[in-house]
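Q: First the structure, then my questions, so here it is.
The values are calculated or read from the model by the stated rules, or taken from the named source; none is laboratory data. A quick note: this is a predicted structure, and the numbers were derived from the prediction, not measured. As a convention, Cβ positions derive from the backbone with ideal geometry for all residues, glycine included, and neighbour counts pool all protein chains shown. These area figures cover heavy atoms from the full protein model, side chains too; ligands, DNA and RNA do not enter into them. Shrake-Rupley method; radii C 1.70, N 1.55, O 1.52, S 1.80 Å.
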Amino acid sequence: ALLAFALGRLSTPRGEAGRLGRAWGIGLGAAALLVALGDWAQDQRYTAALDAQDPVEIEASARALRPTRRLQAAAALKIEADPQGAAALAARALAQTPSVEGWLLLGQARAALEDDQGAATAFKAALRLNPRSFAAAFNLAITYEALGDRFTARRYAARARGLRPSDPRLRDLPE
């Protein structure tokens, strides 16, 4: 939004044409800001529904999401019942828009399929996109523990502890 405003402001001549150009720049910036705020609000609604584990609200809020987020929402709902289908949906979402959330979903689906190596690969991709991702570090610690690589599991557990020292789930990680 700010970039659109700045471009509109910088690319216009002075005088009457300049005022019109600035108005377009401000309008474009405001429109971009509104779209971003709408996406953020829908994501917040979807996240709250997931936290509440309310299937009706999850489905309703997922319908308002952009296509990639909709695929991610469908994948999240399928992980326990149909991990293979969830993995396919997460992979489709990643093909559209690579994201930390998409890689985390793919990792969770792979873990549900007992494909620990595939899960580790997905969680590492999430961590590459966001080195401060607690979920990625936490899941990598659990995954490497399942793979029998206690040294690497401890390394990721320490990283997760550094990111969220008071998280109660940390007691499940290797020391």
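Q: Condition test on L105, is it at pLDDT below 90, part of a helix (DSSP H, G or I) and not hydroxyl-bearing (S, T, Y)?
A: Considered against the rule, which asks whether it is at pLDDT below 90, part of a helix (DSSP H, G or I) and not hydroxyl-bearing (S, T, Y), L105 comes out as no.
Q: Separate question: Let me confirm something: among A137, A160, A112, which residue is out of contact with any Gly (no Cβ under 9 Å at 6 or more places or on another chain) and surrounded by 23 or more Cβ atoms within 10 Å (Cβ to Cβ)? Give the steps one after another, and end with the answer.
A: Numbers: A137 fails: out of contact with any Gly (no Cβ under 9 Å at 6 or more places or on another chain); A112 fails: surrounded by 23 or more Cβ atoms within 10 Å (Cβ to Cβ).
Residue meeting the stated conditions: A160.
Q: Take the conditions open to solvent by 40 Å² or more (accessible area, probe 1.4 Å), assigned to a loop (DSSP other than H, G, I, E, B) and of a type in the set (K, R) and apply them to R132. Does it pass? First the steps, then the outcome.
A: On the way: open to solvent by 40 Å² or more (accessible area, probe 1.4 Å): yes; assigned to a loop (DSSP other than H, G, I, E, B): yes; of a type in the set (K, R): yes.
The answer is yes for R132.
Q: Considering only residues that are among the hydrophobic types (A, V, I, L, M, F, W, C) and touching a Phe, Trp or Tyr at 6+ places or on another chain (Cβ under 6 Å), which ones fall in segment 136-172?
A: Matches in segment 136-172: A136, A137, L140, A141, A153, A160, L163.
Q: Same structure again: Can you pull out every residue in segment 140-157 that is among the hydrophobic types (A, V, I, L, M, F, W, C), surrounded by fewer than 17 Cβ atoms within 10 Å (Cβ to Cβ) and under 26 Å from P83 (Cα atoms)?
A: Answer for segment 140-157, where residues must be among the hydrophobic types (A, V, I, L, M, F, W, C), surrounded by fewer than 17 Cβ atoms within 10 Å (Cβ to Cβ) and under 26 Å from P83 (Cα atoms): A146, L147.
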